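Structure record follows, encoded as structure tokens.
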Amino acid sequence: MKLSLEKFTQLADQLVDEIPPRLCRNLNGGFSVSPQKVQDGEFYTMGEYIEGGFMGCLVVIYYGSFAGLLADEPYEVWEAELRDTIWHELRHHLESAAGIDDLTREEMEELRRYLQE
């Protein structure tokens, strides 16, 4: 069941509203949904934490990547993947605020293991 961009954005808004506001402190650009699909070979970028610049700190969720990866998956799969992506990108924000970068190191290690297989 492919979600429309409008329904996807509504779902993203609902999931973001579940986040305690204190965790979004200094995320002054908030969360936004982009219609783009971001793909590098077989890898999709579902979301991105952007820090600095004129817009401040923000999270971008890429609807096109979800549509490309999840295609006809049921609503529950879209919801679970979107929730995971939102919290994943929020973790990048929180770690940045704390001056650590454990999640990026975990991602790089996971990619290294995948490429070795």
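Taken together, the values in this text are just the output of simple stated rules run on the coordinates, not laboratory data. None of the values given here were measured: they were computed from a predicted structure. Neighbour counts are summed over all protein chains in view; Cβ atoms, including those assigned to glycine, are modelled from backbone coordinates with ideal geometry.
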* Asked: Which one of Y49, L70, A12 is farthest out on the positive end of the charge dipole of the stretch 5-116, using unit charges on Cβ (Lys, Arg +1; Asp, Glu -1) and the Cα centre as origin?
  -> Y49
* What ³J(HN,Hα) values, in whole Hz, does the Karplus curve 6.51 cos²θ - 1.76 cosθ + 1.60 give for the stretch 37-42 when θ = phi - 60°, with x put for Gly and Pro? -> 10, 10, 9, 10, x, 8
* Asked: Zone of I100 (label point 7 Å along Cα→Cβ, backbone N under 15 Å): which residues in the stretch 63-84?
  -> none
* Roughly what % of DSSP beta bridges within the stretch 5-116 run antiparallel, to the nearest 5? -> 60
* Which FRET efficiency value, to the nearest 0.05, do you get for W87 and Q116 by plugging their Cβ-Cβ distance into 1/(1 + (r/R0)^6) with R0 = 22 Å? -> 0.20
* Based on the mean of other beta carbon atoms within 10 Å per residue, what is the order of 82-94, 1-13, most packed first? -> 82-94, 1-13
* **the chain - convex hull of alpha carbons, volume per residue in Å³** => 114
* **Within the stretch 5-116: Cβ-based charge dipole about Cα centre, in debye rounded to nearest 20 (Lys, Arg +1; Asp, Glu -1)** => 320
* Which whole-number percent gives the relative contact order of the chain, counting Cα pairs below 8 Å spaced six or more residues apart? -> 27
* Asked: For the stretch 50-91, what is the Kirkwood hydrodynamic radius in Å, using each pair of distinct C-alpha atoms?
  -> 11.5
* Could you calculate the FRET efficiency of D13 with E107 from 1/(1 + (r/R0)^6), where r is the beta carbon distance between them and R0 is 25 Å, rounded to 0.05? => 0.45
* Using modelled backbone amide H atoms (1.01 Å from N, in-plane), which distant-in-sequence or interchain residues come within less than 5 Å of Q36's amide H? -> Y63, G64
